[in-house]
Structures are given as C-alpha cells and as structure tokens.
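Just below is one structure, and these are the notes that go with it.
Each reported figure results from applying straightforward, stated rules to the coordinates on display, with no laboratory input. Not measured: the values here are computed from a predicted model. Here the Cβ is made from the backbone with ideal geometry for all residues, glycine too, and neighbour counts use every protein chain on show.
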Amino acid sequence: MPNADDMLAVASARADDLAAPGLDPKPRRKVAVLACMDTRIDLFAMLGLERGDAHIIRNAGGLATDDAIRSLAASQRLLDTEEIVVVMHDGCGLHGASEDEFGQALADDGVLPTWRLGAFDDIDATLRASLTRLRASPELPARDQIRGFIFNPDTGALREVEANPA
Ligand SMILES: [Zn+2]
C-alpha cells in the first residue's frame with residue numbers, strides 16, 4: 001500500500017489529537033529553525049520544542065538557500081520570529097557529493113535548473129557561510145540572534161559552530 005494511504009488513515013484516526021483550534025500560528029518562542037531534511041534528526045526532541053513553539057524549515061543540507069531565506073523572511077515579517085537556529089549534521093548526503101555529476105545527470109534529463117545541489121566538503125565552513133549569508137540578508141529584519149549547530153547522529157551530540165566575526 002502506498003504510504004499516502006496509510007498516512008491519510010492515521011491522520012483521520014488521530015484528528016482529535018491533531019486539532020489545535022486555540023494555538024496561535026505565531027511561534028510561541030519566536031524562533032525559526034533551518035535544518036537538514038535528514039531522517040535521523042528529530043528536531044522537537046533535540047531542541048526541546050513543542051508544537052506551536054517554532055517554525056521548522058527543512059531542506060537538503062540545511063542550507064541558507066534563496067528559498068530558505070524566503071521562508072525565514074515570511075517567518076520574521078509575517079509571524080514575528082526574531083531568532084534563527086541552523087542545524088546541519090555529520091554524515092550528510094551532500095557532504096562529498098559531486099556537484100558536477102548531479103548537474104550532468106540533470107542535464108542528461110534535459111533540465112538546467114537555476115539552483116545547485118549544494119554539495120560541500122567542509123561542513124564547518126559551509127555552516128559558517130550560511131550564517132554569514134543570513135546575517136547579510138536584508139530580507140530578514142532580525143539578524144542579531146543567528147546561531148549554527150552540527151548534530152552527530154552516531155553520538156547524539158550537538159555542537160556549535162561560531163560564525164565568522166561580522
Ligand atoms: Zn543532511
């Protein structure tokens with residue numbers, strides 16, 4: 001059975017638990033988390049979040065792409081968040097991937113997207129580059145509180161990477 005059918009059945013059985021009629025869509029803790037889509041990262045358990053606390057923006061790598069910035073701009077400008085936490089992780093599928101091979105495979109299928117895969121070799125440098133980009137993005141009115149962490153799925157440890165000095 002396709003997953004979608006199971007998912008629909010689960011959701012309909014849990015509707016009473018899923019309903020949140022009194023919950024404010026503005027994040028209670030005024031924070032947005034940008035994280036990799038990796039299956040091993042349970043952001044709610046890791047960061048002590050409850051439903052209603054935070055915006056969660058996930059993409060391949062947890063990179064500060066144009067579309068991540070679009071979501072963060074909506075988060076800050078429309079829904080009053082003031083803080084950003086970026087979460088990358090060891091063992092990411094983009095770490096050591098080949099930008100050239102990925103681009104060639106797309107080209108072979110007849111597409112030349114405007115975006116890049118975002119493959120990287122140095123995770124700390126990549127996270128610092130994302131922090132630098134976010135801190136330099138006027139789309140985001142609140143740029144004083146932007147921090148970056150790297151999760152190790154093997155040990156469960158979360159470590160901070162310091163941003164480059166402004
Ligand atoms: Zn990843």
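Each principal axis of segment 25-70 carries a Cα extent, and these read 25, 25, 12 Å when sorted largest first.
Loop-located trypsin sites (Lys or Arg not before Pro) across segment 66-166 with a Cβ neighbour count of 11 or fewer within 10 Å are R116, with loop assigned by DSSP.
Express the relative contact order of the chain as a whole percentage, based on alpha carbon pairs under 8 Å and six or more residues apart in sequence. The normalised contact order for the chain reaches 23 percent.
Taking trypsin sites (Lys or Arg not before Pro) across segment 1-62, the ones in a DSSP loop with at most 14 further Cβ atoms lying within 10 angstrom of their Cβ are R14, R28, R40, R51. Diffusion of segment 107-166 by Stokes-Einstein, at 10 °C in a medium of 1.306 mPa s and with Rh set to the Kirkwood radius over alpha-carbon pairs, works out to 114 µm²/s. Hydrodynamic radius of the chain by the Kirkwood approach over all distinct alpha-carbon pairs: 17.6 Å. Less than 5 angstrom separates the built amide H of A35 from those of I57, R58, N59, V87, all sequence-distant by 5 or more or on a different chain.
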